[in-house]
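First comes the structure, then the notes that go with it.
Every read-out reported here was derived from the displayed coordinates using simple, explicitly stated rules and does not represent laboratory data. What you see is a predicted model; the values in this text were computed from it and never measured. Note that each Cβ is placed from the backbone with ideal geometry, even for glycine, and that neighbours are counted across all protein chains shown.
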Amino acid sequence: MTDAGATGHVNAHTHTFQRGLRSEGGDFWAWREAMLELAAAQTPERVRREYEEAYRGMRDAGYWAVGEFHYLGLDEARAAAGAAEAAGIELVLLLSAYARGGIERFRQASPDAYFAQLEQLRGDGIRVGVAPHSVRACPREWLEAIGSYAREHELVLHIHAGEQPLEIEECLAEHGMRPIELLQETGCLGPRTTVVHATHASERELDLLAENQARVCICPTTEADLGDGFAPTLEIRERGIPICIGSDANVSVDPREELRELEWVARRQALRRGIFSEEELARIGGAEGAASLGL
């Protein structure tokens, strides 16, 4: 841990290439089409150059570590690691598992092919975590295999869940249960698990997170920018579920903006001021993010 780690912030969830994405209007799904187009245009050279610039901006804003939720390919993953080293920021490469949907460069042929990619990165000395992209992208058998692998290798597991109502509807249609319930069924929930967003999580799903000592990563400025909804901050806090923050699509790379928006969301929900104490916000911005990434 660097000296900055004692007092700095941790960005537990970023897709750094999205820093260059600017789209006007529409909902999340319209934004996603523009995101896929930008993702298709990425190269190792572009990642190396643009990520270093973005990571320097994060470091200067007060982040000392980042969790890069990465689905652009192995060479681009190595380029991201090089960019982080050059920028002087700690990196955990959260390599995304993608069985279906998205674009071809996101996908692996099987869980074993995904694990082989992880082992290559670990062999390169890159700190990694497992990251099934979502229940949309990973069927049940993939989630079961990835959950087992994460436990065997004692790796952190990050996954998007409860971000969009349509995601929940599709999960109910395919599996007869909601996304976080499916994570419980497939062995993906535990103390090393971070569920990203959980914006539309049900009371039962939040109970499951608490029972399994899992975390939630809230990305307030991105969730606001995309019109995703309000994270259930009060219900999460009442259950003692640890919270960390992420810059996600990098509308902002300033941790203070994320923490301020988190507090303001909670105030609007509670209809009063002063929900999270300064000590809680410091822990959310720093120690909980570090724990989320296994640092």
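Dimensions of segment 229-295 along the principal axes, based on C-alpha atoms and rounded to the nearest Å, stand at 34, 27, 21, largest first. What separates the Cα centres of segment 225-256 and segment 36-89 is a distance of 22 Å.
With each label modelled as a point 7 angstrom along the Cα→C-beta vector, the ARG100-ARG268 pair spans 3.5 nm.
How many angstrom separate the Cα center of segment 195-215 from the Cα center of segment 142-159? Spelled out, the Cα-based centre of one part sits 17 Å from the other.
Stretching ASP75 away from GLU152 to a fully extended chain increases their span by 25.1 nm, per 0.36 nm per residue minus the current alpha-carbon distance. Amide H contacts of ALA131: LEU95, ALA97, HIS158, each under 5 Å away and 5 or more positions distant or on a separate chain (H built 1.01 Å from N in the peptide plane; Pro and chain starts excluded).
Maximal additional length on extending the GLU33-GLU280 stretch stands at 85.3 nm, based on 0.36 nm per residue less the C-alpha distance. The loop-placed chymotrypsin sites (Phe, Trp or Tyr not before Pro) in segment 91-162, going by DSSP, include none that has at most 10 neighbouring Cβ atoms within 10 Å of its Cβ.
Computed per residue of the chain from DSSP H runs no shorter than four, each worth -39500 (n - 2.57), the mean residue ellipticity at 222 nm is -14500 deg cm²/dmol. In the chain, the DSSP beta bridges split such that about 0 percent are antiparallel, to the nearest 5.
Report, as a whole number in µm² per second, the diffusion coefficient that Stokes-Einstein gives for the chain at 4 °C and 1.567 mPa s using the Kirkwood radius over alpha carbon pairs.
Values: Rh = 18.8 Å.
D = 69 µm²/s.
Equivalent ellipsoid semi-axes for segment 1-157, as square roots of 5 times the alpha carbon gyration tensor eigenvalues: give them largest first, rounded to whole Å. Don't jump to the answer; show the numbers that get you there.
Numbers: eigenvalues 113, 89, 41 Å².
The three semi-axes for segment 1-157 are 24, 21, 14 Å.
Other residues within the sphere of radius under 12 Å centred on the Cβ of ARG151, judged by their own Cβ, net out at -2 (K and R +1, D and E -1).
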